[in-house]
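Enquirer: Here's a structure for you.
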C-alpha cells in the first residue's frame, strides 16, 4: 500500500513539475523608433520625421509596421526649382484644375511646365502642420496637350504653392487671358529635360539623323537661351531678321565648315566658312553658301530651328540646297557634304547641333 501511495505521489509531483515548465502564452511585443524619410520624387522634395511603431506577433518572428505618426516635416534644404521643367500625364485633364475647359473632361492629357530663374521672393510658411505654403512670384511657360490640341502659354505667372506631407501640391498659376487657378500636382509628376520640353512644343523637331555616329562638337549662340531663339532673329512683323551669332569647336584636319539652319525641311541658312564663328548679323539674303532668312512659322505655331555645323576635310562637291524652301533633307545635305569635289567619300569629319524653338504668337 505504501509503495502504491509513493507511486501516485511521484506521478503527481512529475505532472506538477512538467506543468510548471510549459511556456506562457506569447504576448505581442511593441517598439517605437524615430525614422527620417526623404521624399525626393515629387516637385517639392520633403524631409519627414516620424515615429513608427512595430509589432512582433510571435516569438522570434519578424517586426511589422503597425502605425506611424509624423512628428516633424519640412521642405528639403536643397530645394530649388529654378530653370526646371516638369511633366504630368493624367487620365482626366479636368482634374488638373478649374481653369481647364470642361470640353477636356475625361480625356487624357499631358502638361509641361517650366519655372524661370526669378525666385528672389521665394519664402515659406508652415501652415499648422497640414501643409507648407510657398510664395513663389516666378514666371515660366506652360504647355497643355490634350485630344489633338496643343496650347502654349508663355510668361505664365506662378504665384504660390502649397505642399502636403504625401508630396501632392497645389500650384497657383495665371496663364493670362483670364485663365487662372490652382494646378493640382499629383505624386506622379516627373522632372524632365529641356530637350523633352522643346520636342513636345514643336511640330518640326528633327529627332534622328543618319550621321549621329560621327564625332560631335559644341555649337553655341548668345541668341539661344534655354533652347529658345531670341525674337530678333525672326522674319515676322516685329522681327529684325538678324542672323544669330554662332561659335563652334575647331576640328583638326578641317579646311572649312558648312553651317546649316533648317526648320524640319525648310532651309533658313547655308554658310561655308573657314572660321569657327559667325558674328551676329553677318549673314543676309545673299547667294548660295552665304545666305540667311529668319524664322517665320505660321501664326500660333512653334517650330524648331536647328543649326548644324559640319566640319569638312575638303571642299564639298554638289550639295542639294534649296534656300528658303521646304523641299530639303538634312540627311541628303549631309550626303552631299560627305563627298568632296573630287568624288571622295568621308569628307565630313564631325558635326555639331544647336536646337532652338520659336513661337509666332
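Enquirer: Using only alpha carbon pairs under 8 Å that are at least six residues apart, calculate the relative contact order of the range 143-255 and give it in whole percent.
Expert: 14 percent
Enquirer: Still on this model: How would you rank 288, 278, 198, going from fewest to most other Cβ atoms within 10 Å of each one's own Cβ?
Expert: The fewest-first ordering by Cβ neighbours comes to 288, 198, 278.
Enquirer: Tell me the relative contact order for the chain as a rounded percent, counting alpha carbon contacts under 8 Å between residues six or more apart.
Expert: 11 percent
Enquirer: Next question. May I ask you to derive the FRET efficiency for residue 353 and residue 64 from their Cβ-Cβ distance with R0 = 56 Å, giving the value to the nearest 0.05? Kindly include the intermediate steps, with their values, before the conclusion.
Expert: On the way: r = 54 Å, r/R0 = 0.97.
Efficiency computed from Cβ-Cβ geometry: 0.55.
Enquirer: Can you tell me the length gained on complete extension of the stretch residue 280 to residue 314, counting 0.36 nm per residue apart and subtracting the Cα distance?
Expert: 9.6 nm
Enquirer: Plugging the Kirkwood radius over Cα pairs into Stokes-Einstein for the range 272-361, at a temperature of 4 °C and a viscosity of 1.567 mPa s, what D comes out in µm²/s?
Expert: 88 µm²/s
Enquirer: Quickly estimate the mean residue ellipticity at 222 nm for the chain, helices only: each DSSP H run with n ≥ 4 gives -39500 (n - 2.57), and the total goes over all residues, rounded to 500.
Expert: Calculated from helices alone, the mean residue ellipticity at 222 nm is -3000 deg cm²/dmol.
Enquirer: I need the semi-axes of the equivalent ellipsoid of the chain: take the C-alpha gyration tensor, multiply each eigenvalue by 5, square-root it, list largest first in whole angstrom. Display every interim value, and only then the final one.
Expert: Numbers: eigenvalues 886, 167, 62 Å².
Equivalent ellipsoid of the chain: 67, 29, 18 Å, largest first.
Enquirer: In terms of the Cα gyration tensor, with a ≥ b ≥ c the square roots of its eigenvalues, is the range 203-359 rounded because a/c is under 1.5, prolate because a/b exceeds b/c, or oblate?
Expert: Prolate.
Enquirer: Rounded to the nearest 10 degrees, what's the angle between the helix 2-20 long axis and the longest principal axis of the chain, both from Cα atoms, 0 to 90?
Expert: Its long axis makes an angle of about 30 degrees.
Enquirer: Could I ask something else about it? Could you tell me the center-to-center distance, by alpha carbons, between the range 28-61 and the range 281-313 in angstrom?
Expert: Using only Cα atoms to place each centre, the spacing works out to 58 Å.
Enquirer: In addition: So what's the range 90-234 giving for Cα Rg divided by 2.2 N^0.38 Å, two decimals? All intermediate terms of the calculation are to be shown ahead of the outcome.
Expert: Numbers: Rg = 17.8 Å, N = 145, 2.2 N^0.38 = 14.6 Å.
Dividing the Cα Rg of the range 90-234 by 2.2 N^0.38 Å gives 1.22.
Enquirer: Still on this structure, I have one more. Quickly work out the residue 235-to-residue 194 label distance, labels modelled 7 Å from Cα along the C-beta direction, and quote it in nm with one decimal.
Expert: Rounded to a tenth, the inter-label distance reads 2.6 nm.
Enquirer: In nm, give the distance between the simple-model label positions of residue 34 and residue 92, each being 7 Å from the Cα along the Cα-to-Cβ direction.
Expert: 4.2 nm
Enquirer: Another question, then. With just the Cα atoms defining each centre, how far is the range 151-180 from the range 69-103? Give it in Å.
Expert: 9 Å
Enquirer: Right, next: Can you pull the one-decimal nm distance between simple spin-label points at residue 117 and residue 341, each 7 Å off the Cα toward Cβ?
Expert: A separation of 4.4 nm, rounded to one decimal place.
Enquirer: Can you sort 306, 139 by how many other beta carbons sit within 10 Å, fewest first?
Expert: 139, 306
Enquirer: What FRET efficiency comes out for residue 27 versus residue 79 if R0 is 30 angstrom and r is the Cβ-Cβ distance? Round to the nearest 0.05. Could the numbers behind the result be given before it?
Expert: Values: r = 45 Å, r/R0 = 1.50.
Once rounded, the FRET efficiency stands at 0.10.
Enquirer: For 194, 73, which order do you get if you count the other beta carbons within 10 Å of each Cβ and list the fewest first?
Expert: Sorted ascending by nearby Cβ count, the order is 194, 73.
Enquirer: Separate question: Counting only the backbone N, which residues of the range 168-182 are under 19 Å from the spot 7 Å out from the Cα of residue 133 toward its beta-carbon?
Expert: From the range 168-182, the list is 168-174, 181-182.
Just so you know, all these numbers are worked out from the coordinates, no wet-lab data involved. Quick caveat, the model's predicted, so the values are computed rather than measured. Every residue, glycine among them, receives a Cβ derived from its backbone with ideal geometry; neighbour counts consider all protein chains shown.
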